[in-house]
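Structure record follows, encoded as structure tokens.
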Amino acid sequence: MFATRVSRALSLATRQTLSTQRDDGSWLATPAPRITETALCTLALAHSPHPGADRAAERGRAWLANGAAPQNHHPVAHAVEVALLSLALDAGGPIDVSHPSFADRALSARARLLQAIALYTGRAPSGGTGPAALRTQLATAVAAQGRLKHWTRVELRSAHALVETHFGDRTSARHAARMVADEQSPSGDFFGNPVTTALAALALQAAAPGTAAARRCAEYLLTSQLPDGTWRFSTSDVWDTALTVRAFHGAAAFDRHGLPAAVAFLVAAQNPDGGWPYRSGVESDNDTTAAALIALDGVSGAPGTTIRAGLRHLIRQQTADGLWRTWQSAGDPPVDDVVAHVVTALDRHSGHPRVPLAAARGWLGERLGEKGRWHAGWYRGLPYATAEVLPALGTAVHAGGHPAARTLAETRNPDGGWPVEATGPSTPAATGLALAALERGGLPDEEHWAPALGYLVETQRDDGTWPGVPLMYGPRPLLTHYPTHTHAFAVGGLFAGQRRLRTAAGVGASACKEG
């Protein structure tokens, strides 16, 4: 009877997925709203003379003022959203960037952006470097450039333009604005990223008012505002599609009705460099490239040339120490889930030059030994990190299951589900990921499986979906909730549970025959 309930839940989830597949074969979800995008876009339009900008800014402020709560899972995320909320609502007071976490190399850029916006809008920054030191830092960073992600480069130049405007250097500000405008798409946006686009809009309005670039930017912000007054973070059609294929491949209805078009989309989404971007039309990143290759493993319709080009791209991206960065930028460190995904992708596909993977596997083992757990770079939470790293470690058998899986099992809540982090409330996504991790870690104990499957069945909505919480980092350390991700993670756990139930039934049947 329980197996029947799981099968019904999977059938309902599969029907929902097939009904939401787009004409081009992809899946794409609008992220849940949060303060960051709406505050930045509201602020940009509040400083724009474009017709309709003031009304759009009013709608944004109305949403922000109606109980929008800053994220609180990380001190920098909280500080960023508190500051942006204050700036958008013109609440007065200093913009606080004094928390020690802002000193982290990966997060210091957030402080610089907040300081630059505060100076431009006449708000005093509290903490961080002084205005003169900030000006020097930005000028030095712009001159150095280095290998930066395209949107990071635009955000850096935008901050530079705002600070130069504050200091009255119109020549330097205009030069920075021209470099920003060079990256603008014909639609007026910057890489489909509302954070980058809003920052560029502020810079263009400050340093190059009245230009076509400033006008197109404002028009894009006006047309991308949603009916509730919000703007949302970037969509991620390539990542969402790879994730969906990884979750559903093997289900008969999905393989027949959804998989062929999804494979065709992923093949078409490959960039000329052989990699895949998280969304169509932007630069390749190592995690999405690996995820696409994992998704295309064992499916028909993916040309060998596509697979080989993707593998060659990953091989070229390997660093001297045998690891992989999240992106191609020199400043991006290797993180557990990305290294694991690349190793898994290279393991899954034959026919490529032999790639030394021992250093990467050793590094993952060391990370577990040092930290007691793995930490993912793209998603928050122990279940995701554990589920995604385990496949990269090979097929070694551990008595009683892999230690990382046992550690994860101990965090299960009394309601049968798993929290994103220990002691938190259970969520369907975390529970599905935990079950996938238990399967991959060889932890068959019935005491974990039955309650978790019951939790997933009971929390499924009538339309086949599950409620979700923000899990994906973007931009770090802020979190975003994509319904497609919650759906894929929950489904992955149900499929793992279904396989577990069938195995248990087979073992039971064999025992009866022997008896």
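The values are calculated or read from the model by the stated rules, or taken from the named source; none is laboratory data. Because the structure is a prediction, the values reported are computed rather than measured. So basically every Cβ, Gly included, is an ideal-geometry build from the backbone, and we count neighbours across all protein chains shown. Quick note on the areas: whole protein, heavy atoms, side chains included, nothing else; ligands and nucleic acids left out. Shrake-Rupley method; radii C 1.70, N 1.55, O 1.52, S 1.80 Å.
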Matching residues in the range 430-455 - criterion: being in contact with a Ser or Thr (Cβ under 6 Å, 6 or more places away or on another chain) and hydrophobic (A, V, I, L, M, F, W, C): A437, A452
Going by the structure shown, is L204 part of a helix (DSSP H, G or I) and touching a Leu at 6+ places or on another chain (Cβ under 9 Å)? no
Among residues of the range 269-312, those that are in a helix (DSSP H, G or I) and either crowded, with 24+ Cβ neighbours inside 10 Å or in contact (Cβ under 8 Å) with a residue 12 or more places away in the chain (or both), counted: 19
Mind checking which residues of the range 441-479 are over 30 Å from V195 (Cβ atoms), open to solvent by 50 Å² or more (accessible area, probe 1.4 Å), modelled with pLDDT of 95 or more and touching a helix residue (DSSP H, G or I) at 6+ places or on another chain (Cβ under 8 Å)? D463
Among T152, T129, which is of a type in the set (S, T, Y), closer than 30 Å to N286 by Cα and surrounded by fewer than 22 Cβ atoms within 10 Å (Cβ to Cβ)? T152
Regarding V163, is this residue of a type in the set (A, V, I, L, M), surrounded by 21 or more Cβ atoms within 10 Å (Cβ to Cβ) and under 26 Å from S236 (Cα atoms)? no
Give T171, T165, T197 a once-over and let me know the one that is within 24 Å of the chain's Cα centre (by Cα), modelled with pLDDT of 95 or more, in a helix (DSSP H, G or I) and hydroxyl-bearing (S, T, Y). T197
Taking the range 322-354 and keeping only residues that are out of contact with any Leu (no Cβ under 7 Å at 6 or more places or on another chain), at pLDDT 95 or above and among the acidic types (D, E), one is left with D337
Considering only the range 392-404, state which residues are in contact with a His (Cβ under 9 Å, 6 or more places away or on another chain) and modelled with pLDDT of 95 or more. A392
Checking the structure you have, find out if any residue of the range 378-387 is on the phi < 0 side of the Ramachandran plot, small (G, A, S) and surrounded by fewer than 21 Cβ atoms within 10 Å (Cβ to Cβ). no
Answer with yes or no whether T140 is at pLDDT 95 or above and either closer than 30 Å to P483 by Cα or open to solvent by 60 Å² or more (accessible area, probe 1.4 Å) (or both). no
Of all the residues that make up the range 358-375, how many are open to solvent by 20 Å² or more (accessible area, probe 1.4 Å) and either in a loop (DSSP other than H, G, I, E, B) or in contact (Cβ under 8 Å) with a residue 40 or more places away in the chain (or both)? 4
Can you pull out the residues in the range 226-249 that are touching a helix residue (DSSP H, G or I) at 6+ places or on another chain (Cβ under 6 Å), open to solvent by less than 20 Å² (accessible area, probe 1.4 Å) and part of a loop (DSSP other than H, G, I, E, B)? G229, T230, W231
Within the range 32-40, is there a residue that is in a helix (DSSP H, G or I), in contact with an Asp or Glu (Cβ under 8 Å, 6 or more places away or on another chain), open to solvent by 10 Å² or more (accessible area, probe 1.4 Å) and of a type outside the set (D, E, K, R)? no
With respect to A422, is the statement that it is in contact with a Leu (Cβ under 9 Å, 6 or more places away or on another chain), open to solvent by less than 60 Å² (accessible area, probe 1.4 Å), of a type outside the set (F, W, Y) and not in a loop (DSSP other than H, G, I, E, B) true? no
Hey, could you check the range 20-31 for residues that are within 20 Å of the chain's Cα centre (by Cα) and open to solvent by 40 Å² or more (accessible area, probe 1.4 Å) and say which is farthest from A292 (Cα to Cα)? T30
